[in-house]
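Asks: Here it is: the structure, laid out below.
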Amino acid sequence: MRITSPILRTTVIQPGPMPTPDPFLFCVYHKDDYPQGPINKTMEAPFPGNGNDFDQDAPYRMYHGEKIPGFPQHPHRGFETITATIEGIIDHADSMGNAGRYGQGDLQWMTAGKGIVHGEMFPLVNVDKPNHAKFFQIWLNLPRAKKMVDPSFAMFWAHEIPKFSSKDGKASVTSWFGDYFVRDEFGKSGADANACDAAFDQYGASTKKNLPPLDSWAADPENDVAVLHISLKPGGKLVLPKSKKEGVNRSLYLVEGYDNGVLIGKEKITQKVVLDMDSSQDVKLYLPESSNGSCEFLLLQGKPIDEPVAQHGPFVMNTYEEISQAFKDYRRTQFGGWPWPKEEMVFPQDKGRFALLSGKETTPNI
């Protein structure tokens, strides 16, 4: 029997948004080395931004922020945002009165639905050390029937998000959303699917307790949506299991540690790339012992929505007539308006991570 490569297509990642498979719309890997913050507790960057700073050659970017890096209040309609953090702090505020400070492994999931205004700012909270930021901003489409649902906001704290490490500590998977089942490289020689299921709590990772918004495409298990962060240290290896469903799109993003080569199946990858994968195959990932440091992947997968996509700026609908209507609705209603005193809304420097939802504030309960 002929064995085919699990890699269907390889695309070199350029600065800015990365290619995404349906049902995803957009993905950016943010990596900014912000300096330590000022002692006056304003959390401002040392130099003002120009309102549109995306300079990829600079150590950090201000984006649309003027004094504080980030994205001041702006509208969305017709899709969801998933902000998956690794390092750094983000302050969220929105037109529903919800708010939060999150980062350091937390995940925020926001359904724009029929319309929401939000801001995501990156305050320089640390005054005694640099403010490194590293996270993924992902847009997940909504199907036609769900594009005009009520907006919603959810926070998943880092300690609630399932993680798995191999016995030798050289491979790890963070399941921001979706199931991950181990294979023999993790000490379960010849394990079949049933054995993996039986050993799930000990050997696997799932977000069955961290459910997405009910209107999300990810809420239906038949759509097999997954968002995983995979890390390998030198000598680390794992098997990425095939999808549980047929017709699932899967993309694997190699964003760190590619210089000395990473083996994906039998192919050696030495560039920052997105790999469109055959989701019907298991695939082995291996970082050679000779590598200088760790490598990191993002995995996005899901069944395609397979509907027309019309996008203009912050709105994603099925037709451009609907896009035009979105702009009219926003001009008329401001999607509920902005209830916060500043467009670049941030919270006090000494305030810890929190989520304010429907007037109730919660914090990580570790």
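Asks: Between residues in the range 221-238 that are more than 20 Å from Phe156 (Cα to Cα) and residues that are hydrophobic (A, V, I, L, M, F, W, C) and in a strand (DSSP E or B), which pairs lie under 6 Å by C-beta distance while being six or more apart or on different chains?
Replies: That search, which allows pairs on different chains as well, returns Leu232/Ala171; Leu232/Cys295; Gly236/Ala171; Leu238/Ala171; Leu238/Leu285.
Asks: Follow-up. Considering only the range 250-272, state which residues are surrounded by fewer than 21 Cβ atoms within 10 Å (Cβ to Cβ), touching a Lys or Arg at 6+ places or on another chain (Cβ under 9 Å) and in a strand (DSSP E or B).
Replies: Val255, Glu256, Leu263
Asks: Mind checking which strands (runs of 3 or more DSSP E) fall wholly inside the range 43-114 and carry at least 2 residues that are without any contact (Cβ under 8 Å) to a residue 40 or more places away in the chain and surrounded by 22 or more Cβ atoms within 10 Å (Cβ to Cβ)? Let's see the steps before the verdict.
Replies: Working: elements: 70-76, 79-87, 89-94, 99-103, 107-111.
Strands (runs of 3 or more DSSP E) meeting the threshold: none at all.
Asks: Right, here's the next one. With the condition kept exactly as written, say whether any residue in the range 273-284 is in contact with a helix residue (DSSP H, G or I) (Cβ under 9 Å, 6 or more places away or on another chain), surrounded by 15 or more Cβ atoms within 10 Å (Cβ to Cβ) and assigned by TED's automatic domain parsing to the domain that holds Lys245. Walk me through how you get there before you give the answer.
Replies: Taking the range 273-284 as the starting set, the residues that turn out to be in contact with a helix residue (DSSP H, G or I) (Cβ under 9 Å, 6 or more places away or on another chain) are 284.
From what is left, the residues that are surrounded by 15 or more Cβ atoms within 10 Å (Cβ to Cβ) are 284.
Now drop any that are not assigned by TED's automatic domain parsing to the domain that holds Lys245, which leaves 284.
Within the range 273-284, one or more residues are in contact with a helix residue (DSSP H, G or I) (Cβ under 9 Å, 6 or more places away or on another chain), surrounded by 15 or more Cβ atoms within 10 Å (Cβ to Cβ) and assigned by TED's automatic domain parsing to the domain that holds Lys245.
Asks: Here's a follow-up. Any idea which of (1) on the phi < 0 side of the Ramachandran plot; (2) modelled with pLDDT under 90; (3) surrounded by fewer than 21 Cβ atoms within 10 Å (Cβ to Cβ) is the one Gly187 doesn't satisfy?
Replies: (1)
Asks: Going by what's in this entry, would Gly119 be described as touching an Asp or Glu at 6+ places or on another chain (Cβ under 9 Å), at positive phi and of a type in the set (Gly, Ala, Ser)?
Replies: Working: touching an Asp or Glu at 6+ places or on another chain (Cβ under 9 Å): yes; at positive phi: no; of a type in the set (Gly, Ala, Ser): yes.
Spelling it out, it is not the case that Gly119 is touching an Asp or Glu at 6+ places or on another chain (Cβ under 9 Å), at positive phi and of a type in the set (Gly, Ala, Ser).
Asks: Looking at the range 325-333, is at least one residue more than 29 Å from Phe153 (Cα to Cα), of a type in the set (Asp, Glu) and surrounded by 15 or more Cβ atoms within 10 Å (Cβ to Cβ)? It would help to see each step written out before you state the result.
Replies: Applying the first criterion (more than 29 Å from Phe153 (Cα to Cα)) to the range 325-333 yields none.
No, the range 325-333 contains no residue that is more than 29 Å from Phe153 (Cα to Cα), of a type in the set (Asp, Glu) and surrounded by 15 or more Cβ atoms within 10 Å (Cβ to Cβ).
Asks: Something else: Quick one: Ser279 ticks every box in (1) touching a Phe, Trp or Tyr at 6+ places or on another chain (Cβ under 8 Å); (2) modelled with pLDDT of 95 or more except a single one, so which number is it?
Replies: Single failed check for Ser279: (1).
Asks: Look at the range 115-173 and say how many of its residues are part of a loop (DSSP other than H, G, I, E, B), at pLDDT 95 or above and of a type in the set (Lys, Arg).
Replies: Residues flagged as part of a loop (DSSP other than H, G, I, E, B), at pLDDT 95 or above and of a type in the set (Lys, Arg) within the range 115-173 amount to 3.
Asks: Tell me which residues, restricted to the range 228-241, are in a loop (DSSP other than H, G, I, E, B) and buried (at least 18 other Cβ atoms within 10 Å of the Cβ). First the steps, then the outcome.
Replies: Step one: of the range 228-241, the residues in a loop (DSSP other than H, G, I, E, B) are 233-236, 241.
If the condition is that a residue be in a loop (DSSP other than H, G, I, E, B) and buried (at least 18 other Cβ atoms within 10 Å of the Cβ), then Lys233, Gly236, Pro241 are the ones that fit.
The values are calculated or read from the model by the stated rules, or taken from the named source; none is laboratory data. Since we're looking at a predicted model, the values are computed, not measured. Glycine also receives a Cβ, built like all others from the backbone with ideal geometry; neighbour counts cover every protein chain displayed.
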